[in-house]
Amino acid sequence: MSFPSNLPPAKEVVRLLELPALIRKVGERLTALRAERRAVERELKDREARAYLAAEGRSAQEREARARVLLAQDPEYQALVKRLDQLHAAIDVATEEKNALEHERKAIYGALVDRHAQALEMALAQGLFGVRPPAPRGGN
């Protein structure tokens with residue numbers, strides 16, 4: 001949403017009240033995605049360690065190379081790598097969505113506060129509160 005808002009003030013207030021629930025929902029989705037990412041990363045590390053231990057070779061470099069070949073041929077490992085890439089992308093999208101909603105909330109709140117302040121200043125200038133503001137002094 002671009003600001004200043006083209007929404008009427010009443011709809012801005014409604015939107016401002018809706019945003020915390022939307023932000024919370026995206027935050028919960030982010031938490032679930034991050035938890036799944038950690039689980040997938042742990043599983044990948046476990047599979048890598050098992051492949052390294054199962055690989056035969058005379059040197060550490062040779063065992064590591066054979067382990068990489070074993071992992072490249074393991075469809076479950078490849079599926080986990082693909083899922084990890086998907087999780088990274090989903091986390092990036094959800095993070096941007098949450099940032100946009102938080103920005104929208106702050107912008108609408110600021111616009112409402114500004115509009116309220118202008119209305120109070122106008123009411124005060126017109127003497128609607130029974131008091132007129134002091135006249136500006138010349139000089140200094």
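No lab work stands behind these numbers, since they all come straight from the coordinates. A quick note: this is a predicted structure, and the numbers were derived from the prediction, not measured. Because the Cβ atoms are built from the backbone with ideal geometry, glycine has one as well, and the counts that use them run over all protein chains shown.
Looking at the range 48-114, which trypsin sites (Lys or Arg not before Pro) are in a loop (DSSP not H, G, I, E or B) and have at most 14 other Cβ atoms within 10 Å? Intermediate values should be presented prior to the final figure.
Values: sites: R50, R58, R63, R66, R68, K82, R83, K98, R105, K106; in loops: R58.
Sites meeting the loop and neighbour criteria: R58.
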Cα→Cβ-extended label distance, 7 Å offset, between E56 and E97, nm: 5.1 nm
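Evaluate 2.2 N^0.38 Å with N set to the residue count of the range 9-125, then give the Cα radius of gyration divided by it. Spell out each step's value before the answer.
Working: Rg = 25.3 Å, N = 117, 2.2 N^0.38 = 13.4 Å.
Cα-based Rg divided by the globular estimate yields 1.88.
Provide the gained length on full extension for the span E43 to K82, in nm with one decimal, where the gain is 0.36 nm per separating residue minus the Cα-Cα distance. Write down the numbers at each step before the final one.
Values: separation 39, 0.36 × 39 = 14.04 nm, distance 1.30 nm.
Additional length available on full extension: 12.7 nm.
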Can you give me the distance in nm between label points at V69 and K11, each placed 7 Å from the Cα along the Cα-to-Cβ direction? 6.5 nm
Pairs of lysine residues in the range 9-125 - Cα separation under 18 Å, sequence separation of 8 or more or cross-chain: 5
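With runs of 4+ DSSP H residues as the only contributors, calculate the mean residue ellipticity of the chain at 222 nm using -39,500 (n - 2.57) per run, divided by the residue total and rounded to the nearest 500.
Only helices count here, giving -29000 deg cm²/dmol.
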Angle, helix 75-125 long axis vs. longest principal axis of the chain, Cα atoms, 0 to 90°, nearest 10? 10 degrees
Could you state the angle between the C-alpha long axis of helix 60-73 and the longest principal axis of the C-alpha atoms of the chain, as a value from 0 to 90 degrees rounded to the nearest 10? 70 degrees
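If you average the sequence gap of Cα pairs under 8 Å that are 6 or more apart and divide by the length of the chain, what percent do you get for the contact order? Before the final figure, lay out each step's value.
On the way: 78 pairs, mean separation 46.5, N = 140.
Value for the chain: 33 percent.
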